[in-house]
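The structure appears below as structure tokens.
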Amino acid sequence: EAQVTQNPRYLITVTGKKLTVTCSQNMNHEYMSWYRQDPGLGLRQIYYSMNVEVTDKGDVPEGYKVSRKEKRNFPLILESPSPNQTSLYFCASSGDRWSTDTQYFGPGTRLTVL
Amino acid sequence: KNQVEQSPQSLIILEGKNCTLQCNYTVSPFSNLRWYKQDTGRGPVSLTIMTFSENTKSNGRYTATLDADTKQSSLHITASQLSDSASYICVVSPMFSGGYNKLIFGAGTRLAVHP
């Protein structure tokens, strides 16, 4: 089954404790992206990657890091989480025909930073 | 600033009724406009994708229309079902976005279908 998986699905942590949210896709997609979703706001892009070892900042990259060492994986790293990073996070992937390709989203990771 | 605005913010309808959700955008020029359905606590799922040259696209009971002159799109849901209860998100992709799939998301319309 074609899918994007994320782990963990739920996470409660404390300020300053480094964490990683994993994302994996099994569709051999070139493009992967991370978004955050907050109440009343549309999804906002954090980082994206157009291929292995190619990553770039989205609209809200502050406080986040990513890496793309393998095509299927695109982890999101919070080196020193803060309460304003409490949010619902989605990973997404799509093929290389970026103009019309469907983006497939993961199930989401709900993060709470105390 | 590129924006995508949706209305209404929320909507309640009775099962079996039709409804129309609106999306106004200022993104110009744009490559494509998408509608997604997002169930509570789940990731968005694509319903339709329209390029700037298309003016309608259907997916079962969902029909999206696009008027590029007025920069408006609508999503029409026919014969609503309880399972249609979800948020519906309008998404626009700018034409010149640096060669990657940049998407600008609306805040969504939350639809509740009651029996």
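The values are calculated or read from the model by the stated rules, or taken from the named source; none is laboratory data. These numbers were taken from a predicted model, which means no experiment stands behind them. No Cβ is skipped: glycine too gets one built from the backbone with ideal geometry, and neighbour counts run over all protein chains shown.
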Being surrounded by fewer than 15 Cβ atoms within 10 Å (Cβ to Cβ) and either out of contact with any strand residue (DSSP E or B) (no Cβ under 8 Å at 6 or more places or on another chain) or closer than 30 Å to A:ASN7 by Cα (or both) is the filter here; which residues of the stretch B:46-65 pass it? B:SER53, B:GLY60
Residue among B:LYS102, B:LYS57 that alone is without any contact (Cβ under 8 Å) to a residue 24 or more places away in the chain and part of a loop (DSSP other than H, G, I, E, B): B:LYS102
What residue, of B:LEU82, B:LEU21, is surrounded by 13 or more Cβ atoms within 10 Å (Cβ to Cβ) and in contact (Cβ under 8 Å) with a residue 12 or more places away in the chain? B:LEU21
May I ask you to list pairs of residues, at least six apart or on different chains, whose Cβ atoms are under 7 Å apart, with the first in the stretch B:36-49 being within 17 Å of A:CYS91 (Cβ to Cβ) and the second being hydroxyl-bearing (Ser, Thr, Tyr) and at pLDDT below 95? B:TYR36/B:SER46; B:SER46/A:THR102
Applying the selection to the stretch A:83-101, what residues are part of a loop (DSSP other than H, G, I, E, B) and either at pLDDT 90 or above or crowded, with 16+ Cβ neighbours inside 10 Å (or both)? A:THR86, A:GLY95, A:TRP98, A:ASP101
Scan of the stretch B:71-97 for residues that are in contact with a Pro (Cβ under 9 Å, 6 or more places away or on another chain) and part of a loop (DSSP other than H, G, I, E, B), ordered by number: B:MET95, B:PHE96
Report yes if some residue within the stretch A:73-95 is free of Cβ contacts under 8 Å to residues at least 24 places away in the same chain, farther than 21 Å from B:SER87 by Cα and within 12 Å of the chain's Cα centre (by Cα); otherwise report no. no
For A:SER33, the lone unmet condition from (1) more than 10 Å from chain B (Cβ to nearest Cβ); (2) surrounded by 15 or more Cβ atoms within 10 Å (Cβ to Cβ) is (1)
Give just the number: which of (1) modelled with pLDDT of 90 or more; (2) part of a strand (DSSP E or B); (3) within 10 Å of chain A (Cβ to nearest Cβ) does B:GLY43 not satisfy? (2)
Which of the numbered conditions does A:ILE46 fail, given that it passes all the others? Conditions: (1) part of a loop (DSSP other than H, G, I, E, B); (2) more than 10 Å from every other protein chain (Cβ to nearest Cβ); (3) hydrophobic (A, V, I, L, M, F, W, C). (1)
Condition (residue is facing another protein chain (nearest Cβ under 10 Å), crowded, with 16+ Cβ neighbours inside 10 Å and not aromatic (Phe, Trp, Tyr)) applied to the stretch A:73-82: is it met by at least one residue? no
Give me the pairs: first residue in the stretch A:38-61 and over 13 Å from B:LEU103 (Cα atoms), second residue of a type in the set (Gly, Ala, Ser) and loosely packed, with under 14 Cβ neighbours inside 10 Å, beta-carbon distance under 9 Å, and six or more apart or on different chains, which are they? A:MET50/B:GLY99; A:ASP56/B:GLY98
From B:ILE104, B:ILE77, which residue is surrounded by 16 or more Cβ atoms within 10 Å (Cβ to Cβ), touching a Cys at 6+ places or on another chain (Cβ under 6 Å) and among the β-branched types (Val, Ile, Thr)? B:ILE77
Please work out if B:THR65 is within 10 Å of the chain's Cα centre (by Cα), free of Cβ contacts under 8 Å to residues at least 40 places away in the same chain and away from every other protein chain (no Cβ under 14 Å). yes
